[in-house]
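What follows is a single structure, written as C-alpha cells, with notes after it.
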Amino acid sequence: MKEYVSFENPVEIVFNTIKDIFFILNSEYKFQYINKSASDFFRTASSELIDASFWDVYPFQEAALLSDILIQASLQGEKISQQYYSLSHSQWFNATAYKWNEGLAVILSPANSESVRQDDLLQNVKVLSLVLDYIPHIAFMLNQKAQVVYLNKRWTEYTGTSVEQGMGIGWGERIHPTDFQKKMLLWDQNTEAGTAFKTKFRILSKRGEYRWHADSLVPLPTKEKKPSLWVGTATDIEDFIRVKRRQEFTNKALHVVLNSAPQITVVYNTLNQTFIYCNSAFNQILGFPLKELYTSGLQFFERNVHPDDLSLLLEHFGWVAEAGSREDRTIEVRIKDVKEVWHKLLLRSVILNNTTGGKIKFTLHYFTDISALKEIEDKLRESLHLATTITTTTPDLIMIYDIPSESIVYLNKSQLSDYGPEELKKMNKEERTELIYPDDRVAVLQFHDNFYTATDEEIREIEYRVKKKQSADEDEWVWLNERRMVFQRNEKGMVQQFIAVIQDITERKEAEIRKTEYEILNKLVEKKEEFISVASHELKTPITTIKASIQILKRLIQNHSDEHTLLVFVIKATQQVNKLMSLIGDLFDNTGFNAGKLHLNISRFNFSSLLEEIISSYEGQRVIQIEGIVDVEIEADEVRLGQVINNFLSNAIKYSPEETPVRIITSLSHGMLKVQIADQGKGIAPEKLEHLFARFYRVDENLTEVSGLGLGLYIASEIIKLHGGTYGVASELGRGSTFWFEIPVKVS
Ligand code: ADP
C-alpha cells in the first residue's frame, strides 16, 4: 500500500470546510491530497483523484493557464501567487502554489470578479502567451466584433502568415469562405446569448491546403451583460476526420461483408449473456428475424437446437466465455429453422477481446450451414461403401488398366480362370496374351487396339476364351465376357486408363451349346414323329385296302362268284402288297444308307432291256415317250439303277396330270450314261429345289392326296453317288420338271 498524504482530523476538517480549493501534487504532478472544494472543483471524487496525473484530470486549456504558476513554483522553489481565470468554472481565482516536500501545494481562492480589471486580464494573458505559444493549437482571443485581439505563434507556424496579419479581421482571409459564413452566423447567435460554443472550419495552411479545425469559444465574464472577450483554441482535426472517415468506411464495408457472408456471424457478450450483433445470414438460413436472437438470447438456442446437441452448444458458449485462450474451437450442431427443417451447422468460435480483469467480454461465432455438404458427404460415403462392397463381393473381375505402362493398376480380389490378382498383376502383356485361346487372340488384340476411339459413356464388350490354369496336360478353356469403359484420360483427352468388368461365362456358353444341341435333337424328334405319323398313314392305306380285298374275296368265294370277279380283287390286293413292299423297301434302304451299310451289287446287263421292263410296269397308266434308246451292255447295280429310274418315273407320273405324257431321254457319251425324265406337271418352286434330295423332304407336306414318304429322291441320290455319278433337277412352275442323273459306265 502506498502512503498518501493525510492530515490529523482537526486540520482535515479545516481543509474541508474552507471554500478554498486545496490540493497537493507530487514531483510527477500526481494528486496526493485533495480537499472537499478541490474535489468539487475537479468534479471528481477525491478517491479517484489520488495518484491520477494533474494533466490527465484537468482540461488542457485550463491546465496550460495554471501550469505557468505551477511550473514557476516548482522551478523557483518559492511561493507564486497569480490571478487565474478558470474557463470551465467561468470564475477568477487567486492562485497560490508553493513547494511541498518534492511536490507542490496549491490553493485556489475564489476572487471577486469585479475586482479584476480588463487590463489585469490582458496583462495576465501576456504572461500566459509565453506558454500558449508552445501549445500545438492555435490559441486566440476575439472581441465583441469578432476581431482578433490575440493570436499565438502556432498561427504563423501553421498559416505561414504573421500574427499581425491575422489580427483584427485579417484571420478571416485564411478561413474557407463557406465555413467563414457559417462561423459568423454561429458567432452572431452565440455572442448574443453569451454562451460558449463550438465550430468546425477549414483553415488554409502554408502548404496551400485547407485542413479541418475544431474550435471552442468561451466568453470571459464581464460586468456587462454581453461578454467583451472570447477565448478559443483551434485544433487540427483533419487527420482525425480522415481516420474517422476511414473507420466509417471500414465499418460500412464490414457491414456489407458480414451481411453478404454465407455464414451466420454473431457477437456474444459473455458477461451479460446477450447477443449484440448478428448478420442477415441468420435470417437467410434459419428464416427467423434478427430480433429473435437479440431478444431471446441463449433461449433462442434452447428452443431451436436439437435436444441432443443443446448441452454441447451451451457448454461451448461456456467454454468460450471461460477459456481465456485465443484458440478456435469448432463443434457441429443441428438447429431447426422457422419451418422446422433441421440444419446441420458448423460452429466456430473466436474470442474477440479480453477485458483487463481477464474476463472475456465479447466472443465471435460463425455458424456455417453444412447440411448440403453433409448430404453430399453421406452420399459419397454411401457410394464409396457400395463400390467397395461390389468390388469385394462380386465374382466378376474388376480391373483398372493403364494403357501407356501396359499394367494393371487395380484388381479386386476375384480370380480369373484360377489366376489370383497378384499373379495377374505380375504378368506382362505378352504373358497375358498367351493365356488367350489362339483363335480369339486377333479379335481381343483388335478390340484392345481400337479402344482409343471409345467415348466416355460407351461400354464395349467382347467374349473370348482363356486357358484354365489347373489344366496342365490337357488345355481347358474358360469363356470370358469383358465389358470395358474409359476410366481416365490424359491432358490431351486420350484414353489413359480403362475399367473392365470380366465375367466367367463358361457356364452360359456351355448352356448355349447344350441349348442348340437340344434344339437340334428336338427338331429330330419332331421330324421322327412326323415321319412315323406319315409312315403309319402310308403303311395303313395299302393294308386297309388289302384287308378289305381279302374280306370281299372271302365273301365272293362263299357266294361262289365267278373267277373274273375274284381276280379283280386279287390284283387289287397284289398291287397294294407291292406298294407296301416298296414302302418297306424304302424304309430299309433309308436306314441302310444312313448307316453306310448298303453296297452296290455290280453286274453286267443290257440297259435298254432294263428300261423296257420298267416302262412295261406302267402300261396303261400313262403315255411314256422314249428318246435315244441306249442299247448297250453296261456294268452297274441293275436293281438299284432300276430303283432310281422307277422313282423318277413314278414321281413324274404322280405329280403331273394324267393326260400329259412323260418323256425318258437317254444318251451315252464319253462313258457317261445320262437319263432324263421330263414331265409336264405343276413344277417345283426354285427355292425348294435344293431340298428335294434331302431325307423326308416333301414339297407340300400337307398334300395328302398324293402319297409318299419323302424318301424316294434321297435313296435315288445315294444310289447315284455310290455309282460315282451326279444328279439334278430343272423345273419351272406350271411347266413341268426334268429330273436327271449321269453315271460313268463301263461299256463293252
Ligand atoms: P415321295 O415319296 O413323297 O414322292 P420323293 O423323295 O420321291 O418322295 O420326292 C420328294 C418330293 O419331291 C415329293 O414329295 C414331291 O413333292 C417332290 N417331287 C418329286 N418329283 C416331282 C415331280 N416330278 N414333279 C413335282 N414334284 C416332285
message: Condition first: within 16 Å of the ligand (Cβ to nearest atom) and surrounded by 21 or more Cβ atoms within 10 Å (Cβ to Cβ). Now tell me which residues in segment 646-680 satisfy that.
response: Asn647, Phe648, Leu649, Asn651, Ala652, Val662, Ile664, Val675, Ile677, Ala678, Asp679
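Looking only at helices (runs of 4 or more DSSP H) that fall completely inside segment 254-345, which ones have 2 or more residues that are at pLDDT below 85, closer than 17 Å to Thr368 by Cβ and open to solvent by less than 70 Å² (accessible area, probe 1.4 Å)? Break it down into steps so the answer makes sense when it comes.
Values: elements: 281-286, 290-296, 298-304, 307-323.
Answer list for segment 254-345: 307-323.
Just to verify a result, which residue in segment 728-744, among those that are within 24 Å of Asp631 (Cβ to Cβ) and crowded, with 21+ Cβ neighbours inside 10 Å, is farthest from the ligand (Cβ to nearest atom)? Explain how you work it out, then say what you get.
Taking segment 728-744 as the starting set, the residues that turn out to be within 24 Å of Asp631 (Cβ to Cβ) are 738-744.
Next, from what is left, pick out any that are crowded, with 21+ Cβ neighbours inside 10 Å: 739, 741, 743.
Details: Phe739: 6, Phe741: 13, Ile743: 19 Å.
Across segment 728-744, the extreme among qualifying residues is Ile743.
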task: Could you name every one of the helices (runs of 4 or more DSSP H) located completely within segment 146-237 that has at least 2 residues being among the polar types (S, T, N, Q)?
output: 154-159, 177-193
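Test of understanding: among Val699, Val747, which residue is more than 20 Å from Ile634 (Cα to Cα), open to solvent by 20 Å² or more (accessible area, probe 1.4 Å) and either touching a strand residue (DSSP E or B) at 6+ places or on another chain (Cβ under 7 Å) or within 12 Å of the ligand (Cβ to nearest atom) (or both)?
Working: Val747 fails: more than 20 Å from Ile634 (Cα to Cα).
None of the others qualify; the one that does is Val699.
How many residues does segment 542-567 contain that are of a type outside the set (Lys, Arg) and open to solvent by 70 Å² or more (accessible area, probe 1.4 Å)? Walk me through how you get there before you give the answer.
Initially, segment 542-567 is screened for residues of a type outside the set (Lys, Arg), giving 542-546, 548-553, 556-567.
The next check asks that each one be open to solvent by 70 Å² or more (accessible area, probe 1.4 Å); those that pass are 543-544, 550-551, 557-560, 562-564, 567.
Going through segment 542-567 one residue at a time, the tally reaches 12.
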field: Residue satisfying all of: in segment 163-187; open to solvent by less than 40 Å² (accessible area, probe 1.4 Å) and more than 16 Å from His213 (Cβ to Cβ); farthest from the chain's Cα centre (by Cα) among these
entry: Gly168
message: Between Gly194, Gly208, which is on the phi > 0 side of the Ramachandran plot, over 60 Å from the mean Cα position of the chain (by Cα) and modelled with pLDDT of 85 or more?
response: Gly208
field: Which listed residue, of Ser582, Ser603, is of a type in the set (Ser, Thr, Tyr), away from the ligand (no atom under 16 Å from the Cβ) and open to solvent by less than 80 Å² (accessible area, probe 1.4 Å)
entry: Ser603
message: Looking at the structure I just gave you, is Val570 surrounded by fewer than 15 Cβ atoms within 10 Å (Cβ to Cβ) and touching a Leu at 6+ places or on another chain (Cβ under 9 Å)?
response: yes
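The values are calculated or read from the model by the stated rules, or taken from the named source; none is laboratory data. It should be emphasised that the depicted structure is a prediction, and the values quoted were computed from it without experimental measurement. All Cβ positions, even for glycine, are placed from backbone atoms using ideal geometry, and neighbour counts span all protein chains on display. For accessibility, only protein heavy atoms count, side chains too; no ligands or nucleic acids. Shrake-Rupley method; radii C 1.70, N 1.55, O 1.52, S 1.80 Å.
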